[in-house]
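The values are calculated or read from the model by the stated rules, or taken from the named source; none is laboratory data. Keep in mind that what you see is a predicted model, and the values were worked out from it rather than measured. Cβ placement follows ideal geometry from the backbone for every residue including glycine, while neighbour counts extend to all protein chains displayed. All accessible areas refer to the heavy atoms of the entire protein, side chains included, with ligands and DNA or RNA removed. Shrake-Rupley method; radii C 1.70, N 1.55, O 1.52, S 1.80 Å.
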Amino acid sequence: MRVVVAEDSLLFREGLSRLLREGGLEVVATAADADQLLIDVARHQPDVAIIDIRMPPTQTTEGLEAAKRIRATNDNVGVLVLSQHVETHHALDLLSDRPDGVGYLLKDRVSDLHEFCDAIRRIGCGGSAIDPEVISRLLSRRRQHDPLAELTDREREVLTLMAEGRSNQGIAERLFLSPKTVETHVHRIFTKLGLTINDVAHRRVLAVLAFLRDSEN
């Protein structure tokens, strides 16, 4: 799995690159700003571009805009946006057009190297990786007729892991359940939310996120 890292902080950029190499990933280039990132992606065509959401010169959304541009012009390059804080509107903006091969994680997730590298590999293979805090905030919102309120605590746990991009097998391992039990929970979740079931893991996530996106409005 070949990655490009874009981060304006030299210390974090070099530290992240070292951790990724330790995790078995190949860092083919690093960039300190969005312009260099776009050049590196065009030159190296990595599997995944890992991008800080706030980059020079304004330190606002240059990283997010670069990520969207990469996705618009490079079908085979996944993007993982890193953020210091949970900003659900930015996450949903990134996911709105084509949420496969995309991730949005808090920088704190980097501390768990195994989980972080696993998320990168999912993105590089066309899956999704959405930070649990983002999902938690969306799930906690209430609407007048909110079908989320009908979910059991266990179904909400399963839905959160689905939205993180995990397969039924991955959910079963995390919650210490049998795959058959997870399949039953998934079926009930989609029935309650009125969503069509699809066996492709990341497309199930897209359906969940499409529904959750309404709670942002």
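Numerical summary
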read-out: The range 70-85, subset within 17 Å of the chain's Cα centre (by Cα) and of a type outside the set (A, V, I, L, M), residue modelled with the highest pLDDT; value: 78
read-out: Per-region count, the range 119-138, residues touching a helix residue (DSSP H, G or I) at 6+ places or on another chain (Cβ under 6 Å), charged (D, E, K, R) and within 23 Å of residue 24 (Cβ to Cβ); value: 0
read-out: Of residues in the range 14-23 being buried (at least 18 other Cβ atoms within 10 Å of the Cβ) and in contact (Cβ under 8 Å) with a residue 60 or more places away in the chain, the one farthest from residue 48 (Cα to Cα); value: 16
read-out: Enumerated helices (runs of 4 or more DSSP H) restricted to the range 1-96, each holding at least 1 residues that are in contact with a helix residue (DSSP H, G or I) (Cβ under 7 Å, 6 or more places away or on another chain) and among the polar types (S, T, N, Q); value: 88-95
read-out: Scan of the range 160-169 for residues that are part of a helix (DSSP H, G or I) and either open to solvent by less than 20 Å² (accessible area, probe 1.4 Å) or charged (D, E, K, R) (or both), ordered by number; value: 161, 162, 163
read-out: Tabulated pairs, the range 181-198, first within 15 Å of residue 169 (Cα to Cα) and open to solvent by less than 50 Å² (accessible area, probe 1.4 Å), second at pLDDT 80 or above and among the acidic types (Asp, Glu), C-beta under 6 angstrom, 6+ apart or interchain; value: 185/155
read-out: Number of the exception - residue 69 against (1) open to solvent by 60 Å² or more (accessible area, probe 1.4 Å); (2) within 22 Å of residue 12 (Cα to Cα); (3) among the basic types (Lys, Arg); value: (2)
read-out: Residue check for residue 93: free of Cβ contacts under 8 Å to residues at least 40 places away in the same chain and under 20 Å from residue 26 (Cβ atoms); value: no
read-out: Long-range neighbours under 6 Å by Cβ, at least six apart or interchain, first residue farther than 13 Å from residue 82 by Cβ and open to solvent by 30 Å² or more (accessible area, probe 1.4 Å) within the range 1-13, second among the small types (Gly, Ala, Ser) and outside any strand (DSSP E or B); value: 1/124
read-out: Of all residues making up the range 118-137, the number that are surrounded by 17 or more Cβ atoms within 10 Å (Cβ to Cβ) and more than 19 Å from residue 100 (Cβ to Cβ); value: 2
read-out: Residue, least open to solvent (accessible area, probe 1.4 Å), within the range 24-61, restricted to residues that are within 21 Å of residue 109 (Cα to Cα) and charged (D, E, K, R); value: 52
read-out: Among residues of the range 99-115, those that are in a loop (DSSP other than H, G, I, E, B), farther than 16 Å from residue 51 by Cα and either out of contact with any Leu (no Cβ under 9 Å at 6 or more places or on another chain) or at pLDDT 85 or above (or both), counted; value: 1
read-out: Residue satisfying all of: in the range 121-180; over 11 Å from the mean Cα position of the chain (by Cα) and of a type in the set (Ser, Thr, Tyr); modelled with the lowest pLDDT among these; value: 140
